[in-house]
Amino acid sequence: MSIQTISGSAQEVRQQIRSNAWRGITSGVAPGHVQANLAILPKDLAFDFLLFCQRNPKPCPLLEVIEPGKVEPVLTSPGADIRTDASGYRIYENGEFTAEVDTIEDYWRDDLVSFLLGCSFSFETAMVDAGIPLRHQQTGNNVAMYITNITTTPAGIFSGPMVVSMRPVKRGQVVRAVQVTSRFPATHGAPIHIGSPLDIGINDISRPDFGDAVEIKDDEEPVFWACGVTPQAVALNCKPPLMITHAPGRMFITDQRDADYAVL
């Protein structure tokens, strides 16, 4: 899936999405703004999922929890609508991926609780500013994401494998990539693995489970970050009756600034 270019502030991009004028991959869109993964669940599962996020802060760093039935993320994006303002959504029912849709208005219920989780797209601006090129942006593709053999810490009904995103980095820039991204723990922080994909259960790096494959050149190492698509792998494993998520690579863009979430 190619990245379509769009410019504007976070609010302007969300308005373009809400009006169905644009619904592309959000890597590089509204640079400098925090992007968020979504997980939306019935109220009776919300506490278990909140506990799951607390126990697994690398793949599921919490930015905001929206109360049951409410659609406005008042802390991160006042005026936004969680049902329409992400550029794509996925529906999981009883452990099955059943639909990918542009809005979730037809699925909305008064008992649904929405979780916004930090996304690694948020630290990509800092990587580019540090002189670390991002091939998926250069080629107009989605980032590559993989289901690993790294197990998450269970909570209630929720358990399953961690998902990671991968970016090829020149060997001479790997240390710098670690330094840059470690400043953003709210959006996954430092990598969790560098080097051999086999060590984390990825048998074929050319076949991502989500997103698009990218070339890894001879002078590069694959670098892996925890990924907010993890709840989707957990949904396939644990089979909740309903989980609504963002479509991988098609995030909810908040009004928050990356710099405000950076640590020294």
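The values are calculated or read from the model by the stated rules, or taken from the named source; none is laboratory data. Source: prediction; values computed, not measured. A quick note on method: Cβ atoms are made from the backbone with ideal geometry, for glycine too, and the neighbour counts reach across all protein chains shown.
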*Could you check how many residues of region 184-197 are surrounded by 18 or more Cβ atoms within 10 Å (Cβ to Cβ) and in contact (Cβ under 8 Å) with a residue 60 or more places away in the chain?*
6
*Are there any pairs, at least 6 apart or on different chains, whose C-beta atoms fall under 6 Å, with the first in region 244-257 and more than 14 Å from residue 18 (Cα to Cα) and the second surrounded by fewer than 24 Cβ atoms within 10 Å (Cβ to Cβ) and among the acidic types (Asp, Glu), and if so, which?*
247/100
*Before we move on, is residue 114 of a type in the set (Gly, Ala, Ser), under 20 Å from the mean Cα position of the chain (by Cα) and under 22 Å from residue 89 (Cα atoms)?*
yes
*Evaluate the following for residue 249: is it in the same structural domain as residue 63 (by TED's automatic domain parsing), closer than 13 Å to residue 165 by Cβ and either among the small types (Gly, Ala, Ser) or over 15 Å from the mean Cα position of the chain (by Cα) (or both)?*
yes
_Members of region 118-144 found to be farther than 21 Å from residue 41 by Cβ, buried (at least 24 other Cβ atoms within 10 Å of the Cβ) and hydrophobic (A, V, I, L, M, F, W, C), listed by number_ = 121, 123, 143, 144
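Listed here are the residues, each with its yes/no results for (1) at pLDDT below 95; (2) not in a strand (DSSP E or B).
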residue	(1), (2)
198	no, yes
204	no, yes
213	no, yes
218	no, yes
224	no, no
231	no, yes
234	no, yes
256	no, no
260	yes, yes
*Have a look at 190, 213 and point out the one that is in the same structural domain as residue 148 (by TED's automatic domain parsing), more than 28 Å from residue 52 (Cα to Cα) and within 18 Å of the chain's Cα centre (by Cα).*
213
*Out of (1) touching a Ser or Thr at 6+ places or on another chain (Cβ under 6 Å); (2) within 20 Å of residue 49 (Cβ to Cβ), the odd one out for residue 122 is which?*
(2)
*residue 134 is checked against (1) more than 14 Å from the chain's Cα centre (by Cα); (2) in the same structural domain as residue 18 (by TED's automatic domain parsing) and fails just one. What number does that condition carry?*
(2)
_For residue 240: the one exception among (1) over 18 Å from the mean Cα position of the chain (by Cα); (2) surrounded by fewer than 18 Cβ atoms within 10 Å (Cβ to Cβ); (3) within 26 Å of residue 106 (Cβ to Cβ)_ = (2)
